[in-house]
1. Between segment 72-125 and segment 14-44, what is the C-alpha centre distance in whole Å?
2. Quick one: the Cα spread of the chain along its three principal axes, in angstroms, biggest first?
3. What percent antiparallel are the DSSP beta bridges of segment 257-376, to the nearest 5?
4. Take the residue pairs 24/261; 246/271; 271/294 and return only those whose Cα atoms are more than 30 Å apart.
5. Positive end of the dipole of the chain, charges at C-beta (+1 Lys, Arg; -1 Asp, Glu), about the Cα centre: which of 142, 275, 238 has its Cα farthest in that direction?
6. Using the Cα centre as the reference, give the magnitude of the dipole from point charges on the C-beta atoms of segment 257-376 (Lys, Arg: +1; Asp, Glu: -1; all else neutral), rounded to the nearest 20 debye.
7. Given N residues in segment 1-159, what is Rg(Cα) / (2.2 N^0.38 Å)?
8. Quick one: angle between helix 364-376 and the longest Cα principal axis of the chain, in degrees between 0 and 90, rounded to 10, please.
Amino acid sequence: MELSSKQQIFELIKKSKNILLVTKTDFSEDSISSMLALGLTLEKMGGHEVDMVCSSSASSTLSFLPSISKLGKSIDGSKNFVITLDTSKAKVAQFSYDFDEDGNKLNIYITPEKGNYDANNVITKPSGFKYSLIICVDVPDLEKLGKIYEENTELFYETPIINIDSSSSNEQYGEVNLVDVTASSTAEVVYSLLESFGEKIVDEEIANCLLTGIISSTKSFQTSATTPKAFTIAAQLIALGADQQKIIKSIFKNKSLSTLKLWGRALARVKFDDNKKIAWTLVNYQDFEKTGSKEENDILGVEEEIAMSVNLAEIVIIFYEFQQGRVKAIFKTNKDTAKEKIRDIFMGKKVNGLILVDFDNISLLDVEKVVLEKLKQLSF
């Protein structure tokens with residue numbers, strides 16, 4: 001009988017000692033917390049050495065999660081080098097090694113019980129990579145891993161990959177793919193997998209990670225993508241010890257007074273183009289000065305508030321002036337085609353699911369006009 005995807009994953013994990021967990025560079029809270037939940041589970045199962053890697057730094061809002069400090073930014077993509085000695089005719093009596101004076105050469109000393117060894121008894125060859133299994137969590141395609149993939153393509157080519165995701169754009173690149181596009185978060189998909197591993201595998205720490213993924217992805221169960229299943233799983237995780245109030249406070253209720261004042265100004269100016277489904281707002285330099293806010297730390301998050309308030313908006317933009325004559329724009333959209341076009345047209349960069357664009361030597365109002373005119377000419 002053919003094994004299900006979950007059974008195949010369990011079998012691959014069971015026979016793998018060194019396991020690499022990775023998530024996309026353009027991560028979300030769901031990405032990180034789902035990866036942490038799976039990593040903690042593998043450590044709890046025992047018999048595995050687990051590395052969890054994301055090439056970008058995790059958000060400070062997730063600092064309350066267990067094992068967040070274990071996240072690395074790079075991986076060991078080197079291969080082992082194996083020296084094999086044929087001892088069938090002469091058993092080893094002693095073995096030692098040292099380095100020469102400059103430390104550039106390794107000397108290995110092997111003394112046989114009797115007889116001698118020569119070059120014909122030695123075979124050298126490169127062995128496999130450190131990792132015997134890679135698990136990609138919330139990674140629609142391998143290019144989304146950024147440098148992790150670019151610098152270690154051979155590792156990803158030679159190592160079995162488990163692909164766990166909830167994105168409809170997932171390219172099904174894994175040896176085993178567990179992709180549920182009906183789930184409102186990748187944490188839901190991970191939870192369904194862990195359930196299949198057996199009872200009592202999800203403890204309080206793992207439950208906190210999973211509930212964090214669900215709450216962050218659904219904006220505390222307020223988005224249209226929230227499913228009845230999300231509520232059911234959340235209730236089960238709370239019963240297992242997940243602290244819902246702590247999660248909500250850490251993710252959503254950690255704004256300073258200056259941030260709230262800045263957000264109030266931004267939200268009061270929201271405009272909406274019903275035809276192109278674009279919502280946007282303007283924040284000028286004086287807004288930052290009068291509220292005592294700081295550019296990057298305080299403006300991020302306004303786009304989420306607008307997206308939740310203007311349900312019909314498919315693209316949300318924050319235009320803000322952080323220095324005289326220097327303007328930035330934050331673009332938020334759930335449409336992958338729109339993200340790519342916006343990034344290419346305005347030469348922006350992807351950061352945590354957003355597109356960030358810098359504009360020099362131009363006023364805030366002129367940036368608004370230029371960007372909106374270009375977007376209205378496009379189809380997504």
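Just so you know, all these numbers are worked out from the coordinates, no wet-lab data involved. Just so it is clear, the structure is predicted and the values come from calculations on it, not from any experiment. Backbone-built Cβ (ideal geometry, glycine too); neighbour counts: all protein chains shown.
1. Between the Cα centre of segment 72-125 and that of segment 14-44, the gap is 35 Å.
2. Sorted largest first, the three principal extents are 88, 51, 39 Å.
3. 75 percent
4. Those over the limit are 24/261; 246/271.
5. Positive-end residue among those listed: 275.
6. Dipole of segment 257-376, to the nearest 20 debye: 180 debye.
7. 1.39
8. With rounding to tens, the tilt is 70 degrees.
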